[in-house]
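*Asks:* I have a structure here, written as structure tokens, and I will follow up with some questions on it.
The values are calculated or read from the model by the stated rules, or taken from the named source; none is laboratory data. Treat the numbers as computed from the prediction; the structure is a model and nothing was measured. Ideal geometry is used to build each Cβ from the backbone, glycine not excepted, and the neighbour counts take in all protein chains shown. Just so you know, the surface numbers come from the protein's heavy atoms only, side chains and all, with ligands and any DNA or RNA stripped out. Shrake-Rupley method; radii C 1.70, N 1.55, O 1.52, S 1.80 Å.
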Amino acid sequence: MRAMVLSGVLLFMARVGFCADELFTFAGGTGGSNDGVGTNALIGVAGSFVQTSPTRIWFSDWYANSIRYINPYTKHTNSVVGSLTGSTGFVDGGATTARFQKPWGMTYSDTANIIYIADYDNHAVRAYDMTAGDHVGTVTTVAGDSAGSGYLDGVGTQARFFRPSDLAMSDDQSKLYVVDELTVREITLSSGQVTRVAGWSSSSTKDGVGTMAQFRQLFGVVATGDFLYAADVQSCVVRQIQISSKNVITFAGDRFNCLDSTSGVGTNAYFFQPHGVSLGANGDSSVLYVASKSAISKIVVSRCKVTIQESPLGLQRSSTSFITIVSSIPHDYAMQIDSDITLRYADGVALSGFLDNPQSIFTSASGRIYLGLF
């Protein structure tokens, strides 16, 4: 299998044996924002992902300030919402009229046919309503405002966020849960009311109830039933928040061990700055996948067991980025990437492939895992 030096590419990893995965170049080329098929498409920085249909895997493009989708069957990438040239702004309106400033996290309501977007540098939560069609929808602001940032609860645009990075939908799709660095907030969609679930406007690693709990830098979040799981980047842990009681615990990881990712149970497992969190295929809440700077980790929730498979090949941090698609990580192993040697993006067997700094992760209905690399 030949190796290739790539940036801004989309890769695919397919099952080729009983327990072996293989990595293939799928789509994309040098970083940019051009639409196209396969390697003719250009991608800036791929942020979060949502799937709205078998032919629509949407992703936020952090650098292009747009929301795009790829058809996994035809490999065609389409820019749909926001600027097609990377220009920024804070504008509601039609798909190509609306403007964002570094959109990242996304979640999808299939009952309303709306994609909700964490507009990071606009300090706001936006909505793209596709009732009229995928390409002719409308962007509105759900909560927050680019005019100011902070940790203020309130209704709609009277509330304030500080760089919201990700959001998750409640099971009944009536509420959004938003992480904005130091807090977890709940948005009641019927009224626009923003309410603090946990955290405070000070940075620390502290378990507790509601505002007695503290975080250092929340980034990715998922919701399942009465629980949220959030990646606390600078604490190097995954936190669990019970929604009904607002109780926050450290679910996995250890804030005193942040330089590597290792397997283990609970706080005996380590993460190197975890960013993205995903449930399993079709919202399977029995497993979590965590993307950190040095590994993709799988957590079996019932046992709080974190498993990582070491890779013999390493890589160096880089400013280049791309999307990778991998098959479902089988059994109890995942990829481990050393980040101290030479950067290479290569085709090859999964555990010998090269990745760098995955910051978002999503598991599709078919069980493929999508990674956004920064």
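*Asks:* Go through the range 185-210 and give me each residue that's under 13 Å from Val125 (Cβ atoms) and either free of Cβ contacts under 8 Å to residues at least 24 places away in the same chain or surrounded by fewer than 16 Cβ atoms within 10 Å (Cβ to Cβ) (or both).
*Replies:* Our first condition is that a residue be under 13 Å from Val125 (Cβ atoms); within the range 185-210, this holds for 185-189, 192-194.
Within the range 185-210, Thr188 is the sole residue that qualifies.
*Asks:* In addition: Determine whether Thr77 is over 26 Å from Ser174 (Cβ atoms) and in contact (Cβ under 8 Å) with a residue 40 or more places away in the chain.
*Replies:* yes
*Asks:* Return the residue satisfying two criteria in turn: it lies in the range 122-133 and is within 18 Å of Thr97 (Cα to Cα) and crowded, with 18+ Cβ neighbours inside 10 Å, and of such residues it is farthest from the chain's Cα centre (by Cα).
*Replies:* So, considering only residues that are within 18 Å of Thr97 (Cα to Cα) and crowded, with 18+ Cβ neighbours inside 10 Å, the one farthest from the chain's Cα centre (by Cα) is Met130.
Per-residue answers, yes or no, for (1) of a type in the set (Ser, Thr, Tyr); (2) in a strand (DSSP E or B):
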site: Thr131; (1), (2): yes, no
site: Asp134; (1), (2): no, no
site: Thr140; (1), (2): yes, yes
site: Leu176; (1), (2): no, yes
site: Ser190; (1), (2): yes, no
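*Asks:* Can you spot a residue in the range 97-115 that is open to solvent by less than 20 Å² (accessible area, probe 1.4 Å), touching a His at 6+ places or on another chain (Cβ under 9 Å) and touching a residue at least 24 places away in the same chain (Cβ under 8 Å)?
*Replies:* Within the range 97-115 (the criterion being open to solvent by less than 20 Å² (accessible area, probe 1.4 Å), touching a His at 6+ places or on another chain (Cβ under 9 Å) and touching a residue at least 24 places away in the same chain (Cβ under 8 Å)), the answer is no, since none of the residues qualifies.
*Asks:* List the residue pairs whose Cβ atoms are under 6 Å apart, where the first residue sits in the range 278-289 and is closer than 13 Å to Phe227 by Cα and surrounded by 14 or more Cβ atoms within 10 Å (Cβ to Cβ), the second is among the aromatic types (Phe, Trp, Tyr) and at pLDDT 95 or above, and the two are 6 or more positions apart or on different chains.
*Replies:* Correct list of pairs: Leu288/Tyr229.
*Asks:* Looking at (1) touching an Asp or Glu at 6+ places or on another chain (Cβ under 6 Å); (2) part of a loop (DSSP other than H, G, I, E, B), which one does Gln234 not meet, given that it meets all the others?
*Replies:* It is condition (1) that Gln234 fails.
*Asks:* From the list Asp172, Asp153, Asp166, exactly one residue is among the charged types (D, E, K, R) and either without any contact (Cβ under 8 Å) to a residue 40 or more places away in the chain or over 20 Å from Gln214 (Cβ atoms) (or both). Which is it?
*Replies:* Asp172
*Asks:* Across the range 211-239, which residue is least open to solvent (accessible area, probe 1.4 Å) among those that are over 17 Å from Ser292 (Cβ atoms) and without any contact (Cβ under 8 Å) to a residue 60 or more places away in the chain?
*Replies:* Among those residues, the one meeting the criterion is Ala213.
*Asks:* Can you name every residue in the range 142-160 that is outside any helix (DSSP H, G or I) and open to solvent by 60 Å² or more (accessible area, probe 1.4 Å)? Spell out how you get there, then give the answer.
*Replies:* Quick first cut of the range 142-160, residues outside any helix (DSSP H, G or I) only: 142-155, 159-160.
The answer is Ala147, Ser149, Leu152, Val155.
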